[in-house]
1. In percent, what relative contact order does segment 66-169 have, based on Cα pairs under 8 Å that are 6 or more apart in sequence?
2. Ordered by residue, what ³J(HN,Hα) values in Hz, to whole numbers, does segment 128-145 give under the Karplus form 6.51 cos²θ - 1.76 cosθ + 1.60, where θ = phi - 60° and Gly and Pro are x?
3. Output ³J(HN,Hα) for segment 88-104: one whole-Hz value per residue in order, computed from phi by the Karplus curve 6.51 cos²θ - 1.76 cosθ + 1.60 with θ = phi - 60°, and x for Gly and Pro.
4. With a ≥ b ≥ c taken as the square roots of the eigenvalues of the C-alpha gyration tensor of segment 68-161, please select rounded if a/c is under 1.5 and otherwise prolate if a/b is larger than b/c or oblate if it is not?
5. Please list, in chain and number order, the residues 5+ apart from MET101 or on another chain whose amide H is under 5 Å from its amide H, with Hs placed from the backbone.
6. With 24 Å as the limit, write out which pairs from LYS35/LYS62; LYS72/LYS136; LYS69/LYS121; LYS69/LYS167; LYS35/LYS173; LYS69/LYS173 have Cα-Cα distances beyond it, or answer none.
7. Tell me the carbon and sulfur percent of the accessible area for segment 58-100, rounded to whole percent, probe radius 1.4 Å.
8. Might you tell me the accessible area per residue for segment 123-187, computed with a 1.4 Å probe and given in Å²?
Amino acid sequence: MASATDARYGQKESSDQNFDYMFKILIIGNSSVGKTSFLFRYADDSFTPAFVSTVGIDFKVKTIYRNDKRIKLQIWDTAGQERYRTITTAYYRGAMGFILMYDITNEESFNAVQDWSTQIKTYSWDNAQVLLVGNKCDMEDERVVSSERGRQLAEHLGFEFFEASAKDNINVKQTFERLVDIICEKMSESLDAADPAVTGAKQGPQLTDQQAPPHQDCAC
Ligand code: GDP
Ligand code: MG
């Protein structure tokens, strides 16, 4: 697990500097919906049934190939701050994509989606892309939120929607890959429209705290 400091100074990642783009992605949603499990499933292909304390976890890094580009994902987990349903604004800074997660067996987590969406809209970059994910779809017997309600809410908020299971590895990879694809699509659109929000040099290995993701020449 890399720490924020390591990434900022490019220390731990020195053997992995060869990428075309780097996207910062955040996983948000109520406590215990499965965010940490989802990240571990994707980054390490592991699942721990016990509650995994998120304290001290910053992010994981995974590099994937999409559209002939090597894309380094820096995926942030919320380190328990989600219990207060507000997360420091610094956490949102520079994020290009969000996975907004609820638990299909937990009505309260679904009801909180609107609040989380407002947080994203308030604190993140305007062009940030969001996927709504109903996690724990392996627990059909305990389902309280129908797929249809999830889909309708996503449509209302303007997000794409997946149901997934970190436990059974359903739609985890697909969620991240779709998010990467829509970030790329948005970047291309912005560049076509000469959106001044997307300017600057191609992202190098050092992370910065700047608000607008600095990619100029995405062709993906
Ligand atoms: P977080 O607080 O959102 O990070 O949630 P965790 O990842 O810590 O998960 C909370 C609990 O839900 C843990 O006991 C996990 O094992 C369990 N969990 C997470 N994802 C799934 C899933 O897809 N299916 C099932 N059945 N349990 C899950
Ligand atoms: Mg967690």
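The values are calculated or read from the model by the stated rules, or taken from the named source; none is laboratory data. The structure displayed is predicted, hence computed values, not measured ones. What goes into the accessible areas is simple: the full protein's heavy atoms, side chains included, and nothing from ligands, DNA or RNA. Shrake-Rupley method; radii C 1.70, N 1.55, O 1.52, S 1.80 Å.
1. 27 percent
2. Result, ordered by residue: 4, 9, 10, 10, 8, 10, x, 8, 6, 5, 6, 9, 4, 4, 9, 4, 10, 10 Hz.
3. 3, 4, 4, 4, 7, 4, x, 6, 9, x, 10, 9, 9, 10, 10, 10, 5
4. Prolate is the answer for segment 68-161, as a/c is 1.5 or above and a/b outweighs b/c.
5. Under 5 Å from the amide H of MET101: ILE28, GLY29, VAL133.
6. Details: LYS35/LYS62 16 Å; LYS72/LYS136 27 Å; LYS69/LYS121 28 Å; LYS69/LYS167 29 Å; LYS35/LYS173 14 Å; LYS69/LYS173 17 Å.
Result: LYS72/LYS136; LYS69/LYS121; LYS69/LYS167 exceed 24 Å.
7. In segment 58-100, the share of accessible area belonging to carbon and sulfur is 43 percent.
8. 47 Å²
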